[in-house]
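Asks: My questions will all concern the structure given below.
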């Protein structure tokens, strides 16, 4: 028993540090990894809420706007963690998530007991659990918190945030959630946030097909599409995609609020999870194939609303040059 005493004391210190989690603007130091289409706005809202910020991005120029506002640049995710109490990340793919959290220069390597890791990337539920377990072994909290709402939601601090992790940690992070989102729901244990985001992406996938096909029908029928929108957007057919992305399609605006290639990744994760759970999701599988075709046409870095272009081509419609 005596030989085990140092280990026991160390474990008690970790438990105490993990239990005393308190997050306050002006006191808690935040770190942010990933300053893309959504990450830059989300990080900016945390700074507006009074938090100091250390930042890392693979392309430093994408962090320039935050640095000009007072954020501190770090050369690696590890350095961000060494300079922060709570470390957020929103990156592209599961391999990126693994690198920025679990890599040799990852955030966990630089984190101390009592710190918090928050992954806001849409990623694999199993990876969220792996990060949680690896963090816990070091006395570090970990939360998976993917978001929905696209660039508009990020800019307006109106995101839906779907959270998996320990309830005490999730609650302690309320000042941060409130700065970035409108709908904040703790879905359950580690991985539950990612599973909820898979539900979200499954709903959106076939919904986007409907939005695009409806616009194509209206165009071919000779209707004024903006007038059509006034009738259908507020009725039973209404949806976020219809209200926010259909106007962009009409205006030939295919800039990314969310990249096609990232949506393909998300649908791939959802289909893999569905297969593991012995679920048949033919609508999702069809949408996945349509988006793969869209990427093959060169639109992988366009927004998800660019699906219209692939569907228009099937009907011989030159959408961008329509009269």
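Asks: Can you give me the Cα centroid spacing of the range 290-323 and the range 140-206 in angstrom?
Replies: 30
Asks: Give the order of 121, 196 when sorted by the count of other beta carbons within 10 angstrom, beginning with the fewest.
Replies: 196, 121
Asks: Take every Cα pair under 8 Å in the chain that's 6+ residues apart, average their separations, divide by the length, and report that relative contact order as a whole percent.
Replies: Normalised by residue count, the contact order of the chain is 13 percent.
Asks: For n ≥ 4 DSSP H runs only, could you compute -39500 (n - 2.57) per run for the chain, divide by its residues and tell me the 222 nm figure to the nearest 500?
Replies: -15500 deg cm²/dmol
Asks: Round to a whole angstrom and tell me the spacing of the C-alpha centers of the range 226-244 and the range 104-131.
Replies: Centre-to-centre distance over Cα atoms comes out at 39 Å.
Asks: Consider all pairwise Cα distances in the range 196-315 and report the whole-number % of them above 21 Å.
Replies: Result for the distance tail: 37 percent.
Asks: Grab the beta carbon distance between residue 64 and residue 152, set R0 = 22 Å, and tell me the FRET efficiency rounded to 0.05.
Replies: According to the calculation, E is roughly 0.45.
Asks: Now for a separate question. On a 0 to 90 degree scale, rounded to 10, what angle separates helix 192-220 from the longest Cα axis of the chain?
Replies: It is inclined by approximately 20 degrees.
Asks: Treating only the Cα positions of the range 2-190 as identical point scatterers, give the base-10 log of I(q)/I(0) from the Debye formula at each q in 0.08, 0.11, 0.15 Å⁻¹.
Replies: Result of the Debye calculation: -0.23, -0.43, -0.80.
Asks: Quick one: work out the % antiparallel among DSSP beta bridges in the range 2-190, nearest 5.
Replies: Counting DSSP beta bridges with both partners in the range 2-190, the antiparallel share is about 10 percent.
Asks: Nearest 5 percent is fine: what portion of the DSSP beta bridges confined to the range 89-182 is antiparallel?
Replies: Given both bridge residues lie in the range 89-182, the antiparallel proportion sits at roughly 35 percent.
Asks: Does anyone have the angle between helix 240-250 and the longest principal axis of the chain? Alpha-carbon axes, 0 to 90°, nearest 10?
Replies: Result, in degrees: 50.
Asks: Let me ask another. Give the percent of DSSP beta bridges with both residues in the chain that are antiparallel, rounded to the nearest 5.
Replies: 15
Asks: Send over the per residue convex hull volume for the chain, Cα only, as a whole number of Å³.
Replies: Considering the Cα atoms of the chain, their hull volume per residue is 147 Å³.
Asks: Could you tell me how many degrees, from 0 to 90 and to the nearest 10, lie between the Cα long axis of helix 39-48 and the main elongation axis, the longest principal axis, of the Cα atoms of the chain?
Replies: Around 60 degrees separate the two axes.
Laboratory data are not the source of any read-out in this text; all were calculated from the coordinates shown. All figures in this text were calculated on a predicted structure; none of them were measured in a lab. Note that we place each Cβ from the backbone using ideal geometry, even for glycine, and neighbour counts take in every protein chain shown.
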